[in-house]
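Enquirer: Once you've had a glance at the structure underneath, I'll fire off some questions.
The values are calculated or read from the model by the stated rules, or taken from the named source; none is laboratory data. None of the values given here were measured: they were computed from a predicted structure. Every residue, glycine as well, gets a Cβ built from its backbone with ideal geometry; the counts of neighbours run over all protein chains shown.
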Amino acid sequence: MTFKKGTRTSNQLLYSKLCPLIKVEPSLETSIGQIQLKRPVMLASGILGISLDVFNRLHRSGAGAVVTKSLSTEPWDGYPNPTIFSVKGGGWMNAVGLSNPGAANFAKMIEPNKDVPIIVSMVGSIPEDFELMIKEFENCKVTAYELNLSCPHVAKVGLEVGDDPELVKKIVSTVKNTTDVPVIAKVGLGTTHYLKTVGTAVESGIDAITAINTVRAMAIDVETQRPILSNKFGGLSGTPIKPIALRCVYEISSKYDIPIIGCGGISTWEDAVEFFLAGASGIQLGSAVGDNWIGVFNEINDGILQYMKKKNYSTIKEMVGLAKKS
Ligand SMILES: Cc1cc2nc3c(=O)[nH]c(=O)nc-3n(C[C@H](O)[C@H](O)[C@H](O)COP(=O)(O)O)c2cc1C
């Protein structure tokens, strides 16, 4: 067995292999490609991703990183109400319409950031949109960029971009030529098979994949006999989509050698561990923060640590992809 001399992790690994009865102290640190995080649980895009004060609070409450609301080149108002409601039986349906203050305004807001690992999420229709936005963040501490190729309810951005492999190729190549900061592609379920979108992003040099976004869905009010959301269609999130998201992470990690962040319906430490076992090196929480508020980050961190102690794992990495073993 080979190991790097002197590193805490490799020594612990060696001990645990040679002496299974020796208990090692687990660490929540994780690497998602070049992205190093102290904790694997992140805030998903669009959920409380609005101010530096909130980001600091989330970080102190156990979030390893926060993903911002998806930003556009100009401020967007989003759709008229109703834009979100809780679904009977679990989960949320939303069509907020990507309302955001625009990249330039948001960049000014996070410029003072020193401490919080911030992942900036962006939407755009052409490569130049992303290039412009990255320039706005030149003076900010940005841990990674997440390209939203998967919002299911806004025209000409999100899923409509993710469904066009040629455009994905151009956007990823342009962004990778514009910045040295790691770049993540967030994929979802559209009309083009998401594995094709992942494949195109990987070939074009993407550093990691987030899977998945909300799933396009709708609901109708039987009294008014009209769709509930003003936009008619929205995105389903929360516990109902967890098995779908888990399946996607497993399929991506079985087909591509690319770091993965799991997202979709995760609300407990058991859910988080399932995603690690399927192949994710980190996870994001969206609806669970709405359901359980911000205590959920440390609840999940603590549960993961207890599980690692029980199984005698010292690193998250030891768990990643174990469910794929035949
Ligand atoms: C109200 C709301 C707004 C969202 N806005 C964004 C967004 O701006 N960009 C994005 O990539 N995903 C957005 N999402 C999707 C979430 O980041 C996440 O992918 C999805 O909700 C699945 O995770 P969950 O089941 O843990 O909520 C939003 C979700 C909700 C519920």
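Enquirer: Find the residue count for region 224-247, including only residues that are in contact (Cβ under 8 Å) with a residue 60 or more places away in the chain and either of a type in the set (Phe, Trp, Tyr) or within 17 Å of Lys325 (Cα to Cα) (or both).
Expert: Result for region 224-247: 1.
Enquirer: Answer yes or no as to whether Val142 is among the aliphatic types (A, V, I, L, M) and modelled with pLDDT under 95.
Expert: So Val142 fails the test.
Quick grid of which residues meet (1) more than 14 Å from the chain's Cα centre (by Cα); (2) without any contact (Cβ under 8 Å) to a residue 40 or more places away in the chain; (3) within 14 Å of the ligand (Cβ to nearest atom):
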{"residue": "Ile261", "(1), (2), (3)": "no, no, yes"}
{"residue": "Leu277", "(1), (2), (3)": "yes, no, no"}
{"residue": "Gln284", "(1), (2), (3)": "no, no, yes"}
{"residue": "Asn292", "(1), (2), (3)": "yes, yes, yes"}
{"residue": "Gly295", "(1), (2), (3)": "yes, no, no"}
{"residue": "Asn301", "(1), (2), (3)": "yes, no, no"}
{"residue": "Lys309", "(1), (2), (3)": "yes, no, no"}
{"residue": "Asn312", "(1), (2), (3)": "yes, no, no"}
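Enquirer: Among the numbered criteria (1) within 11 Å of the ligand (Cβ to nearest atom); (2) in contact (Cβ under 8 Å) with a residue 60 or more places away in the chain; (3) not basic (Lys, Arg), which single criterion is violated by Ala288?
Expert: (2)
Enquirer: Can you list residue pairs whose Cβ atoms sit under 9 Å apart, with the first residue in region 99-116 being among the aromatic types (Phe, Trp, Tyr) and the second being part of a helix (DSSP H, G or I)? Count only pairs 6 or more apart in sequence or on different chains.
Expert: Partner pairs satisfying both residue conditions: Phe106/Glu136.
Enquirer: Given the residues Gly124, Gly89, Gly97, Gly102, which is the only one that is among the small types (Gly, Ala, Ser) and within 10 Å of the ligand (Cβ to nearest atom)?
Expert: None of the other options fit; the residue is Gly97.
Here is a yes/no grid of residues against (1) closer than 21 Å to Val67 by Cα; (2) part of a loop (DSSP other than H, G, I, E, B):
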| site | (1), (2) |
| --- | --- |
| Ile241 | yes, no |
| Ala245 | yes, no |
| Ser253 | no, no |
| Asp257 | no, yes |
| Ile283 | yes, no |
| Asp302 | no, no |
| Tyr313 | no, yes |
